[in-house]
1. How large is the Rg to Rh ratio of the stretch 271-404 when both quantities use alpha carbon positions and Rh follows Kirkwood?
2. For a quick protection proxy, order the peptides 89-99, 178-188, 377-387 by their average other-Cβ count within 10 Å, most packed first.
3. Over the stretch 123-178, with a single point scatterer placed on each C-alpha, what log10 of the ratio I(q)/I(0) does the Debye formula yield at q = 0.14, 0.15, 0.24 1/Å?
4. Got a sec to turn the phi values of the stretch 314-319 into Karplus ³J(HN,Hα) couplings, 6.51 cos²θ - 1.76 cosθ + 1.60 with θ = phi - 60°, whole Hz, x for Gly and Pro?
5. If you project the alpha carbons of the stretch 176-241 onto their three principal axes, what span does each projection cover, largest first, in Å?
6. Once phi is turned into θ = phi - 60°, what whole-Hz ³J(HN,Hα) does the Karplus curve with 6.51, -1.76 and 1.60 give for every residue of the stretch 385-393, x standing for Gly and Pro?
7. Can you report the principal axis dimensions of the chain using only the alpha carbons, biggest first, rounded to whole angstrom?
8. Rolling a 1.4 angstrom probe over the protein heavy atoms, how many square angstrom per residue are accessible across the chain?
Amino acid sequence: MKKSVLYIFIACLNLVLFTACEKDDTDFSAYDFSSYSLDSESDDDEDDGADTDGMVIYITFSDGSATVTGDDKGYVSVSNADVVVNDPTAYETAEGLTLVLSGSTSDGSLLVYRNKKYTIQLNNVTIHNADGPAINNQCSKSLYVQCLDGTTNTLSDGTAYTDVTDSEGTVIDQKGTLFSEGQVYFSGAGTLNVTANCKNAIAADDYLTIESDITINTTTSTTGSNGVKANDGVFINGGVLNVEVNSLGGRGIRSEAETTITGGTVNITTTGDCEEVYNETTFVYEYSSAACIRSTGVFTLSGGTVTLSSSGDGGKGINCDADVIVTGGSLVATTTGTKNNAKPKAVKSDTNITLSGGYFEARVANGWACDNATDSSDPAGRVTIVGTPTTSSIAKQEVIVSFE
């Protein structure tokens, strides 16, 4: 019986390692599984919050240099104002880690390698990296970014990135001014300003969550890409998110999974026209329009205030591959662009737009305000209303439904 359990455990462990390697380029060579027992606690620490116990390392940036204190283990190396934190400790034995960033540099960066979740506290720090991300998190576990109360923190990148390799010679991902391989939680009561001149302002290869009273302002230039991008979902539970995107085909929020807003304030503007993109399947060029929110999965609004404005040719307020569901909060989406290469729409869903609570307003200067993938010539057929709204006005270019 014991041998059977052991065999099952080994098979499951191999499957976990294989799946992890399929998902990212994490190096498991530093891990020691010899002491793992069947009654060990799970190594999933993603839901129990930030761990501010353990080592606290203070990093103060200046032009041409950075000062480090509290690094008792020798994890940190500094070259001019480029700082690398490399914690090779195995997951089971790694202690908590908090990096406190302050100071200002016109050409510096922070790059972190680690096997366990950790925290970055922003304490009035300004980092500009002329050839890559200002902050690059190469840890696939949770990263907690805390803006300390009352602080103003500024991150920006250059117009081109230089490749960076890890200790094994593998080119690492650099997908934005603030990039994370793992999930990111933003919190605190300070302000974070992020400018994207090359790629995304904030990007995560996992999911991204915003909460507390933090204020995040992102600006994406004409040479950049998107404002906020996450592969596994965007979740906004509080705070203020202001996004301005000026690039062709740029998106304010780009989620490759679901997008869920339960609170806070979201203001997004896009000004870029359509981007011409080559389709490798059909071998023709197609137009990809800008959107304030581009969501592959379900978009859900149950609380908070969302204001969207898109002025470029063919621009969208919300462009969603799945359902758009509004059960509470306030959503105002306005598109004023032309329809030369794509059709502007305030709210577009490939399946359905369902309204059962809150306030919903969609306006378009050219075309249909709402599109739920039907061919209905009746504007009322473009949305599904559940319950009895207090006010309702549905027309081709303006849809207003309120349950308040």
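The values are calculated or read from the model by the stated rules, or taken from the named source; none is laboratory data. Because the structure is a prediction, the values reported are computed rather than measured. When we count neighbours, we look across all protein chains shown, and the Cβ atoms used for this are built from the backbone with ideal geometry, even at glycine. Please note that ligands, DNA and RNA were not included when accessible areas were found on the heavy atoms of the full protein model with its side chains. Shrake-Rupley method; radii C 1.70, N 1.55, O 1.52, S 1.80 Å.
1. Values: Rg = 14.5 Å, Rh = 14.8 Å.
My calculation puts Rg/Rh at 0.98.
2. Numbers: 89-99: 17.1, 178-188: 24.6, 377-387: 14.6.
Descending packing order for the listed peptides: 178-188, 89-99, 377-387.
3. -0.46, -0.52, -1.03
4. x, x, 10, x, 10, 10
5. Computed over the stretch 176-241, the largest-to-smallest principal extents equal 31, 23, 13 Å.
6. Rounded to whole hertz, the list is 10, 10, x, 10, x, 6, 9, 7, 9.
7. Cα extents, longest axis first: 66, 63, 47 Å.
8. Numbers: 17160 Å² over 404 residues.
Spelled out: the 1.4 Å probe surface of the chain, per residue, equals 42 Å².
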